[in-house]
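First the structure, then my questions, so here it is.
The values are calculated or read from the model by the stated rules, or taken from the named source; none is laboratory data. Bear in mind the structure is a predicted one, so any value in this text is a computation, not a measurement. So basically every Cβ, Gly included, is an ideal-geometry build from the backbone, and we count neighbours across all protein chains shown.
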């Protein structure tokens, strides 16, 4: 009886540690389109945030299945960064694959994307919602079969005339935006770090609208 209790205790401890380790893993996904033609476009802000983070902390991406991947340790947490190489409209395939492969809970997944409905540089973190017409988010919603996942929207503004939305989204930043962009990217990296260290609710309180 004592031996069974001992073995049972060991099993429970092991399971508890595995659960704790899972909760310390995060999948941070930046959305964008691959190729030089898209590199500096507004639609690629997800890639831009991850590249800025990588340059700041000195880690590099490697091409693996369905995307470019990198891993970074932050105060005991493991952050897995993903830049899907499936093009924006098929982003969900890469997100679902790496979420499953790394066994990362959906509450520890963060999607970084552009948002026309927010002023340039404005930051907004949400835990659920519709795709709002964004094809990348639409595919993620379909592949994950839920609207309840964390998404970090980076405002790109909506300064375009009727019928020119696609040109605007796939256009490059203006000179004025480029001047402000580095400070906004710095703030975006702080938001991602806060998401991992302080949790989604605290991060929304501190950063939304900033």
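Pairs, please: C-beta under 9 Å, at least 6 apart or cross-chain, first residue exposed (fewer than 13 other Cβ atoms within 10 Å of the Cβ) and in the stretch 185-204, second at pLDDT 95 or above and outside any helix (DSSP H, G or I)?
Partner pairs satisfying both residue conditions: 201/127.
Starting from the stretch 144-160, take each residue that is on the phi > 0 side of the Ramachandran plot and list its partners that are part of a loop (DSSP other than H, G, I, E, B), counting only C-beta distances under 8 angstrom and pairs at least six apart or across chains.
157/116; 157/118; 157/119; 157/120
Within the stretch 65-75, track down each residue that is in a strand (DSSP E or B) and loosely packed, with under 15 Cβ neighbours inside 10 Å. Please lay out each step first, then the result.
Initially, the stretch 65-75 is screened for residues in a strand (DSSP E or B), giving 67-74.
Correct list: 71, 73, 74.
Among (1) closer than 17 Å to residue 48 by Cβ; (2) touching a residue at least 12 places away in the same chain (Cβ under 8 Å); (3) over 18 Å from the mean Cα position of the chain (by Cα), which single condition is residue 176 missing?
With (1) closer than 17 Å to residue 48 by Cβ; (2) touching a residue at least 12 places away in the same chain (Cβ under 8 Å); (3) over 18 Å from the mean Cα position of the chain (by Cα) applied to residue 176, the lone miss is (2).
Follow-up question, since we're still on this one. I'd like to verify a number: residues in the stretch 120-136 that are in contact (Cβ under 8 Å) with a residue 60 or more places away in the chain and within 30 Å of residue 100 (Cβ to Cβ), how many?
Going through the stretch 120-136 one residue at a time, the tally reaches 6.
Which residues, taken from the stretch 81-105, are modelled with pLDDT under 95 and either crowded, with 20+ Cβ neighbours inside 10 Å or under 14 Å from the mean Cα position of the chain (by Cα) (or both)?
Result: 88, single match.
When you check residue 78 against the structure, is it over 13 Å from the mean Cα position of the chain (by Cα) and assigned to a loop (DSSP other than H, G, I, E, B), yes or no?
no
Quick one: in the stretch 40-55, of everything that is out of contact with any helix residue (DSSP H, G or I) (no Cβ under 6 Å at 6 or more places or on another chain) and part of a helix (DSSP H, G or I), which residue is surrounded by the fewest Cβ atoms within 10 Å (Cβ to Cβ)? Step through it out loud before you land on a result.
Kept after step one, since they are out of contact with any helix residue (DSSP H, G or I) (no Cβ under 6 Å at 6 or more places or on another chain), are these residues of the stretch 40-55: 40-41, 45-48, 50-51, 54-55.
Among the residues that remain, those that are also part of a helix (DSSP H, G or I) are: 45-48, 50-51, 54-55.
Values: 45: 27, 46: 27, 47: 23, 48: 23, 50: 25, 51: 19, 54: 18, 55: 12.
Among those residues, the one meeting the criterion is 55.
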